[in-house]
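Before any comments, here is the structure.
What follows draws every value from the coordinates through simple rules; no lab data is involved. The structure presented is a predicted model; accordingly, all values stated were derived computationally and were not measured. Note: ideal-geometry Cβ built from the backbone for every residue, glycine included; neighbour counts use all protein chains shown.
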């Protein structure tokens, strides 16, 4: 019988008790299950470090998977031959959807018990920070930052308000984006000689979507060893609105004010600019470099 350590983030507001109970019941039908309900990175790290030979299973969304992978990496337990199980109980579940995991908790639990191992890529920055799905900088991150200020009073309604505020107040950020040592947009009309330009947003993507279904990098693959870099210079009011409309269907990549480049190492400089990595907000970032690590870990997926 499989031995599992199932981690649940007690601090995640979207992980409802009924779904957790459904998933645990299904997992216990075919495995010996130990549950670790953690509320902070320290508790998660201790749980992962003490897991022994148990397979790690994450109940949650991209943020919870991000936290678990970070903890595994910290204790030297990130091994592509030892796949994680994911029961997607988050708001967006972008990575899970890219992997074809069912969103029903009992069905995804069955995949944990019977699924096949799929190696996945990983993004690592110069400080050792990890990203499993995507990081985006600029307008979307600013909307998240604005929403945080109202979340305590307005709950979920804070997010459209944050997006509205960001849409009205955002004029762009002067950024410089390099992919594999080459400046994106260099020598192109509108770009300065040093490669900087006012940018609405930039994204470094392993997976194709963010926010549950928004196809930010529609052709991105989670296991091809490449990062999809999307840069939008749609900073004018009409251009921003048109970009937002096209983004909802993935047609933004066909716009003249959007560049898509693939590579293995990405550096973004300039700012300061806000960024969101796997749902975690970081404000006023001056620069960051990400490198892809091909097949650094793996997940159980439908066979």
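Values as computed for the structure displayed
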| read-out | value |
| --- | --- |
| Angle between the chain longest axis and helix 158-169 axis [Cα atoms, degrees, rounded to 10] | 20 degrees |
| Simple spin-label estimate for residue 285 and residue 34 in nanometres, 7 Å along Cα-Cβ | 3.5 nm |
| Burial order of peptide ranges 246-254, 267-275 (average beta-carbon count within 10 Å, highest first) | 267-275, 246-254 |
| Using alpha-carbon coordinates, inclination of helix 62-74 to the longest axis of the chain, degrees | 70 degrees |
| Option label - Cα extents along the principal axes in Å computed here, alternatives (i) 107, 44, 32; (ii) 62, 42, 32; (iii) 80, 45, 35 | (ii) |
| For 165, 210, order by how many other beta-carbon atoms lie within 10 Å, fewest first | 165, 210 |
| Fraction of beta bridges assigned by DSSP in the chain that are antiparallel (%, nearest 5) | 75 percent |
| Segment residue 116-residue 224, extension gain: residue separation times 0.36 nm, minus the distance between their alpha carbons | 37.1 nm |
| Segments 58-66, 96-104, 237-245 sorted - mean Cβ within 10 Å per residue, highest first | 58-66, 96-104, 237-245 |
| Segment 1-63 - Rg over Rh from alpha carbon coordinates, Kirkwood radius | 0.95 |
| Gaussian network model of the chain, Cα within-10 Å springs - most flexible of 256, 198, 224 | 256 |
| Sum of -39500 (n - 2.57) over DSSP H runs of 4+, divided by residues of the chain (222 nm, nearest 500) | -9000 deg cm²/dmol |
| Projected area, mean over directions - segment 25-94, Cα convex hull, nm² | 5.0 nm² |
| The chain: angle of helix 105-114 to the longest principal axis, Cα-based, in degrees nearest 10 | 70 degrees |
| Order of 126, 107 - criterion: other Cβ atoms within 10 Å of each residue's Cβ, fewest first | 126, 107 |
| 10 Å-binned pair-distance histogram of segment 134-295 (Cα, whole percent) | 11, 42, 37, 9, 1 |
